[in-house]
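Participant: This structure is in structure tokens; I'll ask about it shortly.
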Amino acid sequence: MRIGVVGAGAAGLVSAWLLQDAHDVVLVEAGSRPGGHAETAQVEVDGGVLDVELGPQFFFREGYGGLHALLNRLGLAPTLQRISMSVTLGEPQGTLALPPLSLPALGQLLNMKSLGQLLWFVRFGWGGEAVIREQDWTLSVQGLVDRLGAPRDAAEGLIIPLVAASWGVSVEQARALSAYSVARVMGLRPTRLPHTHTVPGGLGAYAHALVTDSPRLTLRLNSPARALRPLPEGGLALDAGDRVERFDAVILACDWRASAAACRDAPALAEWSRAFAAFEDYDTTIAVHRDPRLMPPDRRLWQVGNADLVPGRRPRNTVWSGVSVGADLFRTWLRPGEDAPPGSLETRSYKHVLMTTEHHARQQALARLQGQAGVWAAGMYTDGVDNHESAIRSAVKVAQAFDPEGERLRWLAERVSV
Ligand SMILES: Cc1cc2nc3c(=O)[nH]c(=O)nc-3n(C[C@H](O)[C@H](O)[C@H](O)COP(=O)(O)OP(=O)(O)OC[C@H]3O[C@@H](n4cnc5c(N)ncnc54)[C@H](O)[C@@H]3O)c2cc1C
């Protein structure tokens, strides 16, 4: 078959990587590089070069079977990295470092209010485990906090603002997120040491490796898809970049907005267009910079993730990207309207899907349409929670319709996490 794939993020790249052996695959991408959210900047620090992730950065041992397998197969074996977190609360509590592995960090914990809040945060983690077991998407973060009976101090002072900082959303938006999605993404299991992995060259290198390992693939960069329409003789016409091409099937692996727009003018794709348009999103801007003023005031308490939860302002997270060499290099989720710190090295703005309690129902509506009129949908937002493994799994599910016996598909389907 001749298959068009729209969007060279993880979902589109993996779909193409799985199908290019058995089919003629053309991947069209609006931007000038493959990877989508997966993007890595190489930044000079003290005479060396550091890989700084601009999009996805954190992935665990569990729940990322497909990503680990792909990275190892592509020769990019990931290295385990311990992570830690600080939360800066109002005075007199100051900054709490977690885990508290230094004397100043232990000193900061000697406060009954802080200890009480932290214990409730651990209970929230356990509560999240139960929600994961029940696979209940319909309980909100606020609903879980209420179900646990967390006191106001803990809920409003730590738990909900910390979720808001981690997603770059407002406190009100954080309350409405699905507790299931939050628990799965944050990996809140209190029994597990917080960790992530690093990849040589970053996740940008992994995106390029997927292209290199797809020798039969035609990749067209700078080719935004504008419209899709079923043809009377069968197949679909895809208007993208500088041409209109005919395909037997099209996999829309771009975001929900671009997918809705591409289907909008074709009456036969009206249901598709409505299903895509139902998803909610929010704007977030991230800056990579060298300004330590966005970090906790006491440098001895700096951690990998640093949440500013001081009451009266929107929670905000800053990742210490230069932690491995102790360099002043950071990544901050800016508040709406906030200017990037002077001399910022990179800024990126994203429309991020908002995984509320209705999100799973929207995914199910989309799943019921798969294959209708020769159209398929892939992408992190279409399957599971808001993480990279979902993008990979969505590609596996779509590819199963086209090449169920393919070596790559059988190999990845056995490894991808559910
Ligand atoms: C800031 C940020 C941090 C994140 N952090 C993490 C993390 O730490 N861990 C984790 O597991 N996940 C994280 N994620 C989730 C991340 O979205 C997924 O990991 C995954 O990379 C999404 O892949 P995707 O293919 O679904 O979408 P995308 O990466 O968004 O790919 C969609 C592609 O479609 C292209 N496109 C859009 N419109 C068109 C068009 N009209 N025509 C052609 N192409 C088009 C886009 O340019 C893009 O390349 C993060 C996301 C963001 C934004």
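Participant: Which one is nearest to the ligand (Cβ to nearest atom) among residues in region 16-46 that are in a strand (DSSP E or B) and hydrophobic (A, V, I, L, M, F, W, C)?
Facilitator: It comes out as Val28.
Participant: If you take the residues in region 323-340 that are closer than 19 Å to Glu44 by Cβ and surrounded by 19 or more Cβ atoms within 10 Å (Cβ to Cβ), which one is farthest from the ligand (Cβ to nearest atom)?
Facilitator: Leu329
Participant: Within region 345-370, track down each residue that is away from the ligand (no atom under 15 Å from the Cβ), touching a strand residue (DSSP E or B) at 6+ places or on another chain (Cβ under 8 Å) and more than 25 Å from Ala183 (Cα to Cα).
Facilitator: Leu345, Leu369, Gln370
Participant: Taking the condition among the small types (Gly, Ala, Ser), part of a helix (DSSP H, G or I), more than 16 Å from the ligand (Cβ to nearest atom) and surrounded by fewer than 20 Cβ atoms within 10 Å (Cβ to Cβ), does Gly157 pass?
Facilitator: no
Participant: Report, by residue number, each residue of region 122-147 that is out of contact with any helix residue (DSSP H, G or I) (no Cβ under 6 Å at 6 or more places or on another chain), under 30 Å from Gln364 (Cβ atoms) and part of a helix (DSSP H, G or I).
Facilitator: Residues satisfying the conditions are Gly125, Trp126, Glu129, Ala130, Arg133, Glu134, Gly143, Asp146, Arg147.
Participant: Another question, if that's okay. Looking at Ala8, is it within 9 Å of the ligand (Cβ to nearest atom) and more than 23 Å from Tyr64 (Cβ to Cβ)?
Facilitator: In short, no.
Participant: Let me ask something else. Could you please tell me which pairs satisfy a Cβ distance under 8 Å, a separation of 6+ or placement on different chains, a first residue in region 336-365 that is assigned by TED's automatic domain parsing to the domain that holds Ile286 and modelled with pLDDT under 95, and a second residue that is within 16 Å of the ligand (Cβ to nearest atom) and not hydrophobic (A, V, I, L, M, F, W, C)?
Facilitator: What qualifies is Gly343/His289.
Participant: Let me confirm something: among Ala205, Ala150, which residue is outside any helix (DSSP H, G or I) and crowded, with 18+ Cβ neighbours inside 10 Å?
Facilitator: Testing whether each residue is outside any helix (DSSP H, G or I) and crowded, with 18+ Cβ neighbours inside 10 Å leaves just Ala150.
Participant: Among the candidates Ser223, Ser214, single out the residue that is over 30 Å from Gly322 (Cα atoms), part of a loop (DSSP other than H, G, I, E, B) and either away from the ligand (no atom under 12 Å from the Cβ) or free of Cβ contacts under 8 Å to residues at least 40 places away in the same chain (or both).
Facilitator: Ser214
Participant: If you go through region 366-381, how many residues are out of contact with any Asp or Glu (no Cβ under 8 Å at 6 or more places or on another chain) and touching a residue at least 24 places away in the same chain (Cβ under 8 Å)?
Facilitator: Within region 366-381, residues that are out of contact with any Asp or Glu (no Cβ under 8 Å at 6 or more places or on another chain) and touching a residue at least 24 places away in the same chain (Cβ under 8 Å) number 8.
Participant: Being closer than 27 Å to Ala179 by Cβ and more than 10 Å from the ligand (Cβ to nearest atom) is the filter; apply it to region 371-409 and report the residue that is surrounded by the fewest Cβ atoms within 10 Å (Cβ to Cβ).
Facilitator: Filtering region 371-409 for residues that are closer than 27 Å to Ala179 by Cβ and more than 10 Å from the ligand (Cβ to nearest atom), the one surrounded by the fewest Cβ atoms within 10 Å (Cβ to Cβ) comes out as Lys397.
Participant: Looking only at region 307-316, how many residues end up being surrounded by fewer than 22 Cβ atoms within 10 Å (Cβ to Cβ) and either assigned to a strand (DSSP E or B) or in contact with a Phe, Trp or Tyr (Cβ under 7 Å, 6 or more places away or on another chain) (or both)?
Facilitator: Summing the residues that are surrounded by fewer than 22 Cβ atoms within 10 Å (Cβ to Cβ) and either assigned to a strand (DSSP E or B) or in contact with a Phe, Trp or Tyr (Cβ under 7 Å, 6 or more places away or on another chain) (or both) in region 307-316 gives 1.
Participant: Quick one: in region 62-76, of everything that is surrounded by fewer than 15 Cβ atoms within 10 Å (Cβ to Cβ) and not in a helix (DSSP H, G or I), which residue is farthest from the ligand (Cβ to nearest atom)?
Facilitator: By that ranking, first place goes to Gly75.
Participant: Give Gln93, Gln57 a once-over and let me know the one that is assigned to a loop (DSSP other than H, G, I, E, B), within 16 Å of the ligand (Cβ to nearest atom) and within 30 Å of Gly312 (Cβ to Cβ).
Facilitator: After applying the criteria, what remains is Gln57.
Participant: Okay, next question. State the number of residues belonging to region 252-272 that are in a helix (DSSP H, G or I), buried (at least 16 other Cβ atoms within 10 Å of the Cβ) and within 14 Å of the ligand (Cβ to nearest atom).
Facilitator: Qualifying residue count for the region: 7.
Participant: Continuing with this model, one more query. Does Thr79 count as more than 14 Å from the ligand (Cβ to nearest atom) and within 30 Å of Arg290 (Cβ to Cβ)?
Facilitator: yes
The values are calculated or read from the model by the stated rules, or taken from the named source; none is laboratory data. All values reported here derive from a predicted model rather than from experimental measurement. So basically every Cβ, Gly included, is an ideal-geometry build from the backbone, and we count neighbours across all protein chains shown.
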